[in-house]
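The values are calculated or read from the model by the stated rules, or taken from the named source; none is laboratory data. It should be emphasised that the depicted structure is a prediction, and the values quoted were computed from it without experimental measurement. FYI the Cβ positions are ideal-geometry reconstructions off the backbone, even for glycines, and counts take in every protein chain you see. When the accessible area is computed, the model is the full protein with side chains, heavy atoms only, and any ligands, DNA or RNA have been set aside. Shrake-Rupley method; radii C 1.70, N 1.55, O 1.52, S 1.80 Å.
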Amino acid sequence: MRFELTTDQQDFAASLDALLAAADTVTAARSWAEGDHAAGLRLWERLAEQGLTMLATEASPVEVCVAFEALGRHAVPGPWVESAAYLPIALGAEVEGVATVAMPRALDADVADAVYAVVDGTLHAATAGTAHTSVDRTRHVFDVTPGEAVGHGDLDAAYDLAVLATAAQLLGAGERVLADAVTYVKQRKQFGREIGSYQAIKHKLADVRIALDFARPLVHGAALVTGSTGERARAVSAAKVACADAAYLASRTGLQVHGAIGYTQEFDLSVWITKIRALVTAWGTPADHRARILQTLRSA
């Protein structure tokens, strides 16, 4: 099945991409990783003005996917999935400022204006506790202590939208790694030839292109599901598994074609490689989502 964005959705994607391309998101991400949130919060305000924080309540899941693919492609730091996908549905209202939720730990609770946790199927206000490190240096995760119960939204729908947004982020990050790898192999020469002219490298990059192209329709298809909760859960989990596999393949291939320089923290490729590695297991591991798919099929 072929999915085409409407003209308005294409214009939204183009404007968002132009904004992020001019925002030096890599520098903002590196500063965020070091605990300097100023540049990231300025970018947050600009994106909020563009309507990203109200997409979950005022637009369709398709627009959410469009936005989060752009966030992944440009490695934008911050708890965007929590603030712009999960919490607006869980609380039943647009989130003001920066907010996060523990799943099971809270992302960037040190910079959030509000912190939440889910306890026994109910959303609670929470306070941040011990910090933990992540493979992605821009992701600072915290233990939390739950407080009083809040919100009356649909937590199942909120979870599914958060998973779908994460899948879209993975798709965008995978696309960026592939684009950078293709650019690099056209420039890097070995034995007097561009390394991109070798069949082995062409085949590896083609495999990534195919994986991303097969994952994209699952994202758009999941965004359009209007059936039962089980149908939505199955579609969303399938999208997350496909995008995780495709993005991880992109990161491995990008690292291989770049060679030793790809391992260095100073090289920008590392920003996306570590982000992909973290997002693969965020909002449910691939094993969790495969089990979820199986469960929904058995109960169908």
Which residue, F12, F68, F142, tops the fluctuation ranking in a GNM of the chain built on C-alpha contacts under 10 Å?
F12
Label model pair R298, D207: point-to-point distance (7 angstrom along the Cα→beta-carbon line) in nm is 3.2 nm
In whole Å, what are the extents of segment 14-64 along the principal axes defined by its C-alpha atoms, from largest to smallest?
35, 20, 16
Between 0 and 90 degrees, rounded to the nearest ten: what's the tilt of helix 61-73 against the longest Cα principal axis of the chain?
50 degrees
Which residues' amide hydrogens lie under 5 Å from the amide hydrogen of E94, considering only partners 5 or more residues apart or on another chain, with H built in the peptide plane?
none
Averaged per residue, what accessible surface does segment 1-60 expose to a 1.4 Å probe, in Å²?
57 Å²
Residues in segment 258-288 that a label on D24 would reach, taking backbone N under 16 Å of a point 7 Å out along Cα→Cβ
268
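If you take every DSSP beta bridge fully contained in the chain, what fraction is antiparallel? Give it as a percent rounded to 5.
The antiparallel fraction comes to roughly 80 percent.
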Take the solvent-accessible surface of the protein heavy atoms, probe 1.4 Å, and return the percent of it on the chain that carbon and sulfur atoms account for.
53 percent
Would you mind calculating the relative contact order of segment 103-186 from Cα pairs under 8 angstrom and at least 6 residues apart, reporting the percent as a whole number?
24 percent
Solvent-accessible area per residue for segment 149-300 at a 1.4 Å probe radius, Å²?
48 Å²
With Cα atoms, 0 to 90° folded angle of helix 155-187 axis to the chain main axis
10 degrees
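Hey, what did segment 182-290 get for relative contact order, percent, Cα under 8 Å, at least 6 apart?
23 percent
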Computed FRET value (nearest 0.05) for T145 with L5, which takes r as the C-beta separation and R₀ as 41 Å
0.45
Where is the GNM fluctuation largest for the chain (alpha-carbon springs, 10 angstrom cutoff): A250, A93, A109?
A93
Between S270, S83, S237, find the one with the highest GNM mean-square fluctuation for the chain; connect C-alpha pairs within less than 10 Å.
S270
Please give the solvent-accessible surface of R232 in Å², to the nearest 10, using a probe radius of 1.4 Å with every protein chain present.
60 Å²
Mind running the shape call on the chain? Use the C-alpha gyration tensor, a ≥ b ≥ c as the square roots of the eigenvalues: rounded below 1.5 for a/c, prolate if a/b tops b/c, oblate otherwise.
prolate
With no solvent and one point per C-alpha, what does the Debye sum give as log10 I(q)/I(0) for segment 131-249 at q = 0.16, 0.21, 0.22 Å⁻¹?
-0.89, -1.12, -1.15
Within the chain, how many Lys pairs that are eight or more residues apart, or on different chains, come under 20 Å at the alpha-carbon?
5
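Given the Cα-Cα distance of E58 and A179 and 0.36 nm per residue of separation, how much length would full extension add, in nm?
Once the chain is fully extended between E58 and A179, it gains 40.4 nm.
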Report, to the nearest 10°, how far helix 7-21 tilts away from the longest principal axis of the Cα atoms in the chain, using its own Cα long axis and a range of 0 to 90°.
70 degrees
Using R₀ = 45 Å, calculate the FRET efficiency as 1/(1 + (r/R₀)^6) where r is the Cβ-Cβ separation of E96 and R290; round to 0.05.
0.80
Give me the extension gain from T264 to R188: residue separation times 0.36 nm, minus the current Cα-Cα distance, reported in nm with one decimal.
25.6 nm
5 Å is the cut-off here: which amide hydrogens, built 1.01 Å from N in the peptide plane, fall below it relative to V118, excluding neighbours closer than 5 in sequence?
A102, H124
